[in-house]
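Trainee: I have a structure here, written as structure tokens, and I will follow up with some questions on it.
The values are calculated or read from the model by the stated rules, or taken from the named source; none is laboratory data. Computed from a predicted structure; not experimentally measured. Here the Cβ is made from the backbone with ideal geometry for all residues, glycine too, and neighbour counts use every protein chain on show.
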Amino acid sequence: STKPEVTILGKTYPRDEWSNTPAAIQEKLGRNLHLTQGHPLSTLREIIEGHFAGYTAVRPDSPVVTVHQNFDELGFPPDHPGRSKTDTYYVNGTHMLRTHTSAHEVEAYKTGADAFLIAADVYRRDEIDSSHYPVFHQMEGMRHWTQDQLPGLIEENKRLEKELSQIPIVIEDTSTIGPENPLQDCHDPVIATEMAKNLKHSLNGMIFKLFGDAAARSGEPLKVRWIDAYFPWTTPSFEVEVWYNGEWLEILGCGVVIQKTLERGGVGHKSGWAFGLGLERIAMVLFGIPDIRLFWSTDPRFLDQFATGDITTFKPYSRYPPCYKDMSFWLPDSVKQASAAEILPWHENDYCEIVRDVAGDLVENVSLIDDFTHPKSGRRSLCYRLNYRSMDRNLTNEEVNVLQDQVQKRVIQDMGIEMR
Ligand code: PHE
């Protein structure tokens, strides 16, 4: 699998030492779950689009973006951890699979519209458990004002405040605007504060549309919490959490866009806000979907439970038995492996990538169950438990052994470890 180029959705890119997008991920490209009629992710997208009526829908065609679009243009510093090969799928040194829909903000600004909604699949290397999957879906919203539209903003905020005061929602705003989360020097502080208010009011309204019914069923008002955040292309920046089933659920990040970013999109004469949210996390709670792999199921027992536009509770159709296999190994000894720079340092995401590449969606969970350093030799050993379970059938012990064996061979080969 080391051809001199990487082909993604019919386009070829030269392979280099950054290329780390495996075949298993490439197979997911173009599924477009968020655009599949009746799929829970598509229904959730439609509800959000309904809230932001009149916004221009942007549907980026390829998940391949430049490193410049995903990071540089948004002001990510050169040493930002998100850029690491352990966290991001690179096509090569200049191209990558977008890690967030924000990668399309600046190109959207160039169209000149004043309100946008972007929905797309995004990609991140990650661990394996019921709420992480290397492909997921995000929506990005942006809104702009020119100088002469700003008086309308204040009017609109008053109207939104009135609307919010009439619905059962409790907004706990612990966020600040100040030295830790500053306004921009180039903004009139009154106007910038109104933009931040508009952002909050618009999102509180959206959150009520999504979670209001569930809160009503629980007999309590919906509780929403705003906290300070940091993003390289917004200030002030916020994160929003929703109280759901006895827990604060983090659902989105947002802020007032830094003027430099707007300038890059040719709209330095406007100002405004942006937000980004993950669809899976919200859909899992609203539809009661217990495992993120289910979104990818083609089993009619999953798909037939959902109809376009409705939030209905998923009824698990079966739960097949799990099958645990443990794998213990010594990490590479840096002295003996001095020349093998690629295999050091050890990163769990690299291990999980191999597991996914071999076993795909048949692995439900990978967890570290032992981490031991030999007192004399100083060698470190790890033990991982791989929990195999299919969503739609029984797995035999024999086939799981074959998979476990293949994972073992691949990690020995690719990561330079030694089995215990
Ligand atoms: N892209 C950010 C994320 O994935 C969310 C975000 C979008 C934050 C827009 C600010 C503005 O976490």
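Trainee: Based on what the data block shows, is Gln147 surrounded by 18 or more Cβ atoms within 10 Å (Cβ to Cβ) and touching a His at 6+ places or on another chain (Cβ under 8 Å)?
Mentor: no
Trainee: Let me ask something else about it. Determine which single condition Ile167 fails, assuming it passes every other condition in (1) β-branched (Val, Ile, Thr); (2) under 28 Å from the mean Cα position of the chain (by Cα); (3) more than 16 Å from the ligand (Cβ to nearest atom).
Mentor: (2)
Trainee: Working carefully through the options Ala120, Ala115, find the one that is away from the ligand (no atom under 13 Å from the Cβ) and touching a strand residue (DSSP E or B) at 6+ places or on another chain (Cβ under 8 Å). Step through it out loud before you land on a result.
Mentor: On the way: Ala120 fails: away from the ligand (no atom under 13 Å from the Cβ).
Answer to the selection: Ala115.
Trainee: Name the residues in segment 246-286 that are under 14 Å from the mean Cα position of the chain (by Cα), buried (at least 20 other Cβ atoms within 10 Å of the Cβ) and outside any strand (DSSP E or B), would you?
Mentor: Leu279, Glu280, Ile282, Ala283, Met284
Trainee: Continuing with the same structure: Report whether or not Ser130 is hydroxyl-bearing (Ser, Thr, Tyr), surrounded by fewer than 22 Cβ atoms within 10 Å (Cβ to Cβ), at pLDDT 95 or above and more than 11 Å from the ligand (Cβ to nearest atom).
Mentor: Working: hydroxyl-bearing (Ser, Thr, Tyr): yes; surrounded by fewer than 22 Cβ atoms within 10 Å (Cβ to Cβ): yes; at pLDDT 95 or above: no; more than 11 Å from the ligand (Cβ to nearest atom): yes.
When the stated conditions are applied, Ser130 does not pass them.
Trainee: Mind listing whichever residues of segment 95-114 are closer than 16 Å to Trp18 by Cβ and either touching a residue at least 40 places away in the same chain (Cβ under 8 Å) or outside any loop (DSSP other than H, G, I, E, B) (or both)?
Mentor: His95, Met96, Leu97
Trainee: Do you know which residues across segment 235-257 are among the polar types (S, T, N, Q) and within 8 Å of the ligand (Cβ to nearest atom)?
Mentor: So the first thing to find is which residues in segment 235-257 are among the polar types (S, T, N, Q), and the list is 235, 237, 245.
Hit for segment 235-257 is Ser237, nothing else.
Trainee: Tally up the residues in segment 233-245 that are part of a strand (DSSP E or B) and in contact with a helix residue (DSSP H, G or I) (Cβ under 7 Å, 6 or more places away or on another chain), please.
Mentor: 4
Trainee: What pairs come out if I take residues in segment 115-144 that are closer than 30 Å to Tyr388 by Cα and pair them with residues that are among the hydroxyl-bearing types (Ser, Thr, Tyr) and within 11 Å of the ligand (Cβ to nearest atom) whose C-beta lies under 9 Å away, six or more apart or interchain?
Mentor: Short answer, once both residue conditions are applied: Ala120/Thr101; Val122/Thr99; Val122/Thr101; Tyr123/Thr99; Arg124/Thr99; His137/Thr101; Gln138/Thr101; Gln138/Ser102.
Trainee: Which count do you get for residues in segment 214-234 that are within 11 Å of the ligand (Cβ to nearest atom) and either among the hydrophobic types (A, V, I, L, M, F, W, C) or in contact with a Gly (Cβ under 6 Å, 6 or more places away or on another chain) (or both)? Give the derivation first.
Mentor: So in segment 214-234, the residues within 11 Å of the ligand (Cβ to nearest atom) come out as 229-234.
Still in the running and either among the hydrophobic types (A, V, I, L, M, F, W, C) or in contact with a Gly (Cβ under 6 Å, 6 or more places away or on another chain) (or both): 229, 231-234.
The number of residues fulfilling the criteria is 5.
Trainee: Could you list all residues from segment 155-211 that are assigned to a loop (DSSP other than H, G, I, E, B), in contact with a Phe, Trp or Tyr (Cβ under 8 Å, 6 or more places away or on another chain) and not β-branched (Val, Ile, Thr)?
Mentor: Correct list: Ser175 only.
Trainee: Test Asn92 against the stated conditions and say whether it is in a loop (DSSP other than H, G, I, E, B), surrounded by 15 or more Cβ atoms within 10 Å (Cβ to Cβ) and polar (S, T, N, Q).
Mentor: Here the answer is yes, as Asn92 does meet what is asked.
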